[in-house]
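Below you'll find the structure, written out as structure tokens, and then a few comments.
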Amino acid sequence: MRLVLRNILLAALALTLAQCGEPPRPPNVVVIALDTLRPDHLGCYGHGRGTSPNLDRWAAQSVIFDNAQSAAPWTAPSLVSVMTSLYPSVHGVTTFPDPGAMNECVTTLAEVLKARGYATAAFTDGGYAKKQFGLGQGFDLYPLNEGDTPDEHASNVLHPSRLAPNLERTLRWIEEFKNEPFFLFFHTYEVHGPYRPPEADLQAYRPEYREQAEHDRLVAVIDRWLEQREIDAEGVRLILKHKEHCNAGNGPEQEGLYAKLNEFGIRTSDPDIMEFWRDLYDAEIRHADREIARLLERLERADLAPNTIVVIVSDHGEGFGEHGYVGHGNALHDEALRVVLMLRAPELAPRRVGDVVNSIDVMPTVLDLAAVPRTSLLLQGRSLVPALRGEKLPIAPVFTHSLSRKDREARQWSVREGRWRFVWDEERQQGGLFDLESDPLELADIAADNPKIAERMLGLLRAQRDVDQAFRERASGPPQRYQLDAETERELRMLGYFDGATVPGSEPRWLPLPRLGP
């Protein structure tokens, strides 16, 4: 009854303002991007380790999408897709390690809202969330982090506490612009590897862990290996365990180390190593959740909550050996493609949505909620507003492709439709089919036993290839040149994005669309 009365009062107020020539103020829009965050490591998605009490509390008042998929399994193309509602093969920010810059012909969410009088600002940790890749289009403010120069990159590697000052400047900006419509984009790399959580957060899962003692052991092992070329199996395992913690094994000690792995029969996927990495990852989430609470609490106050749309999304997930792969970028399965997506807005009742959706759906959904016409925009996503109101969405396919490296681009493409995922290997010209209802871990390729379904899924990829080609000509333009500077390359390497020599720069070009068979 109270909600009904409140709705009546709000409607009456809106009518009064309209009659007085004062239209209601547009809603604020906030997009919070939590890099590398797997949904199944949050309590609100079923994780039982207490990693995310603040996000869980927020989720209890939000619409949660249980099967949201990313448009790409790495940061640069994924975030640009969120902000443009275009697949990477259309907006052109695709190629690793230098993805180039999105063509300015593309229209971003920030540009649309700015044109309607919104104040716009983005606060990110840098890296592949830098404005130079195209994310800066439409933002009044997209600042560097303290101590950086225009050619430098900020990340959680050199500055483990980057999240705290990033939040501080975000909160200051909100106070400055809270009395006018605003669009805020906030991004943090905190959960991204290497995982360097505060000691107390790791001790929540490993009570015996002592940072200094572990560091001393590791240094002693590496020094002995470098100076005397002596190392035992325990030492090799210790270095490997800390590869995802402090980049151990990626310096001069790397030479000859992997031969020792083979000699002692040690694998990255060994259970004790994976368990340590998962504990580090959960501790990172625990730390990020505690810090993010300050932003969530500010958005809940009475001067913002009644008129603010908040989207929380992750750009991709993280693999822990499920398909023989640790990290993200190359695996087109749920551990890398399933993302956090929750939306909270005035007058929306909390609920869970099981329909398969995509991160490119964020922009049209936000525009519809903000009552911004989008008929003139060329968007590939669909509005999720019907699902926010409890309606069932029509089943629709969603697409993605793997990390693309120069001279070896677009090796894998995938389509997810309902219970089915089809992964196409362009290099081998063959595909695999997975049934997520009977095989949620996607371990069994059943294409040979279901040729009709596999062929239908391949047909969806072919149709989307043609759609992408048409959108390239109408909604985008070829990507532009943006050369990675030496400092950016160095710190991206520390984030784990480089596993070999840098390929010399070349003129950016659109991702070659797949042949998809004869």
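For a quick check of your reading: which helices (runs of 4 or more DSSP H) sit entirely within region 243-355 and have at least 3 residues that are of a type in the set (A, V, I, L, M)?
Values: elements: 243-246, 257-264, 271-299, 334-337.
Here the list reads 257-264, 271-299.
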Please tell me if Glu489 is at pLDDT below 75, outside any loop (DSSP other than H, G, I, E, B) and either of a type in the set (Asp, Glu) or closer than 25 Å to Thr108 by Cα (or both).
-> yes
Are there any pairs, at least 6 apart or on different chains, whose C-beta atoms fall under 7 Å, with the first in region 229-246 and modelled with pLDDT under 95 and the second surrounded by 13 or more Cβ atoms within 10 Å (Cβ to Cβ) and small (Gly, Ala, Ser), and if so, which?
-> Ile239/Ala248; Ile239/Gly249; Leu240/Gly249; His242/Ala248; Lys243/Gly249; Glu244/Gly193
Complete set of residues in region 79-112 that are crowded, with 24+ Cβ neighbours inside 10 Å and part of a helix (DSSP H, G or I) | Leu79, Val80, Ser81, Val82, Met83, Thr84, Pro88, Ser89, Val90, His91, Leu109, Ala110
Residue by residue through region 225-234, note down the ones that are in contact with a Leu (Cβ under 9 Å, 6 or more places away or on another chain) and assigned to a helix (DSSP H, G or I).
-> Trp225
Gly432 vs (1) touching a strand residue (DSSP E or B) at 6+ places or on another chain (Cβ under 9 Å); (2) under 20 Å from Ile309 (Cβ atoms); (3) buried (at least 16 other Cβ atoms within 10 Å of the Cβ): all pass except (2)
Looking at Gly329, Gly319, Gly354, which one is of a type outside the set (Lys, Arg) and out of contact with any strand residue (DSSP E or B) (no Cβ under 6 Å at 6 or more places or on another chain)?
-> Gly329
Being among the hydrophobic types (A, V, I, L, M, F, W, C) and either more than 15 Å from Arg290 (Cα to Cα) or outside any helix (DSSP H, G or I) (or both) is the filter here, so list the residues in region 190-212 that pass it.
-> Val191, Ala204
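The values are calculated or read from the model by the stated rules, or taken from the named source; none is laboratory data. Since the model is a prediction, treat every value here as computed from it, not as a measurement. With ideal geometry, Cβ positions are generated from the backbone for all residues, glycine too; neighbour counts draw on all protein chains shown.
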